[in-house]
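Undergrad: Got a structure for you, written out below as structure tokens; questions coming shortly.
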Amino acid sequence: MLPSPAVFHFLWEISTDLVKDGASVRTYGRLISYEPEGSKAILSGQPSSAQCHLSVQTTLVEPFHPTLGAQYFVLGEIEKTDEFPLALLPGLSGAILHARALSNIDGVDLILMQKAIMEQRCFFKERMSPRV
């Protein structure tokens, strides 16, 4: 049996109850930190004036040659945890994304991408609603 397809979530949605532990997700954000010894990276996103951060476990995508400050697309599974103290980095969510795919997406029009994600959500919501 195949796993369910990964749903696209923005970084700021991952720490909420919208995303359950073990769920497959797709997201993107700016790479602000990478620790090769621990295979850990931190992505940053900004929904408004507040920054949001997500820890990414990169073990399954090694060797990984990061470009700090670049935008990355990540596909993987969420693990809700309290491993990372939230005081370390303001806005750091209590979740780790175990990356299965990690791609540099510098040059992508992020506003257009967000709009496409929102349109896709509306399409799926409309498709799932019962017709009268």
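Undergrad: Filter the range 2-35 for residues that are among the small types (Gly, Ala, Ser) and surrounded by 12 or more Cβ atoms within 10 Å (Cβ to Cβ) and give the result.
TA: ALA6, SER15, ALA23, SER24, GLY29, SER33
Undergrad: For GLN57, indicate whether it is within 14 Å of the chain's Cα centre (by Cα), farther than 14 Å from ARG30 by Cβ, at pLDDT 90 or above and among the polar types (S, T, N, Q).
TA: Yes; evaluated as a whole, the condition is true for this residue.
Undergrad: Going through VAL74, VAL108 one at a time, which residue ends up being within 12 Å of the chain's Cα centre (by Cα) and either surrounded by fewer than 16 Cβ atoms within 10 Å (Cβ to Cβ) or at pLDDT 90 or above (or both)? Break it down into steps so the answer makes sense when it comes.
TA: Details: VAL108 fails: within 12 Å of the chain's Cα centre (by Cα).
Matching residue, one of VAL74, VAL108: VAL74.
The values are calculated or read from the model by the stated rules, or taken from the named source; none is laboratory data. Note that the structure is predicted; figures quoted are calculated from it, not measured. Heads up, the Cβs are rebuilt from the backbone with ideal geometry, glycines too, and the neighbour counts pull from every protein chain shown.
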